[in-house]
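Here is the structure we will look at, set down as structure tokens.
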Amino acid sequence: MAENERREPGRSTEDPVYEPLGPGWNRGGDGPDDDAGRASGPSVLRGALRAAAEDWLMSGGSVRFWLAAAAVPVATSVAAWVLLAAVLVPQTDPGLAGGRFWAYLLAAAFIPAASSLLAVHWGITGIRRLGPGQPLAAVDPGPWASFFGVVARGAVVAALTLVILLGQAWIAGVSGEVAAASAGVVALEFAVFGAIGAGASAMSRRRLWVAIVAWGVAGVLVVVNVVAVVALLPAVRADEPVSAVFNIVRGPGGTLEAYECSPLLSGVAEVPHTERIMWMVAPNPVVMFLMLADDGRGNGEGPGWMRGALQEAADGLQVPCVNAEPRARDAARMPLEVIGLGIQAGLAGAFLAGGQLATRRRQAQQGESV
């Protein structure tokens, strides 16, 4: 036996001696200690929530944070007025009162889209510190600290959105229902797109890869899906036999809920089968706002008829009575907002789960190298 080898009482010099290595060897326990001291799930979440709260408090004293938070609703509102003045007013001339209302509605619709981009940026950059004396680089928190931090900051942006849009609603002389709906969708999109950014950032330490993936997914949800649907419209049109429709029953927003068809065909018409492609735009933040802004009774100010038109396109009912097929009130249908929420929730969950798995893999590799 070498001089530096350990000899235990009762062992002869010929007996081999094994040094206990691996996780937990120096903690005096009976076995490995929780994968190199990795905290359990509840403690990880508690630490992430505490870190997000500390980051939120520090952000409250940052001028840069308040400028970024206010820039989203303010810049979008200004852009809505500019767009209305440059494009819509010369064509429709709705008058001053109508212009104020449409600027208010455009701002409420596009603020969630702008908020989603800021949420991705905050999710990628993450929170600044995990706690007193614990810089972010010292530990591997996974996606949760950044995710909760983005959600907390998003609540501030949602509150500013509500205040700014309520002011525009007062100027336009309408109620604040649309403003409240827009603020709620802003908070939702900060959670969804913050999860995408935080999850992508936790999946890899390659910042270029993270930026490409996170911004690529955000670009698809905000812009590319709308462009794709418009480009695919000619491909889903078909000439089919149609017949006269009667006994029409309309639902919220003027959508067709039920109708009967004449058994005699009246001719051939071009039918857009938009039900095949509308699911692509369901998770778009603007579409989510238009679908959720109305309360379901069709009395929303503006979004009511837009919601009806979008749902009608999702059901493929722009041309009823194709092949003399009637529609009953209890016919199966999938609300567009349900599809959008499902896709957004699935993407957010996938990115958070991927980020957490990557974090555990890195922690396991660090434990093996100790």
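Tabulated values for the structure
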read-out	value
Long-range amide H partners of ARG250 with built H, under 5 Å	GLU257
Likely footprinting exposure, GLU189, GLU240, fewest C-beta neighbours within 10 Å first	GLU240, GLU189
Over the stretch 237-335: Rg over Rh, Cα atoms, Kirkwood Rh	1.00
Coil-residue trypsin sites (Lys or Arg not before Pro) of the stretch 162-231, DSSP, other Cβ within 10 Å capped at 15	ARG205, ARG206
Neighbourhood net charge (12 Å Cβ-Cβ; Lys/Arg +1, Asp/Glu -1) for LEU233	+1
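Bear in mind these aren't lab numbers, they're just calculated from the coordinates by the rules spelled out. The structure displayed is predicted, hence computed values, not measured ones. Ideal geometry is used to build each Cβ from the backbone, glycine not excepted, and the neighbour counts take in all protein chains shown.
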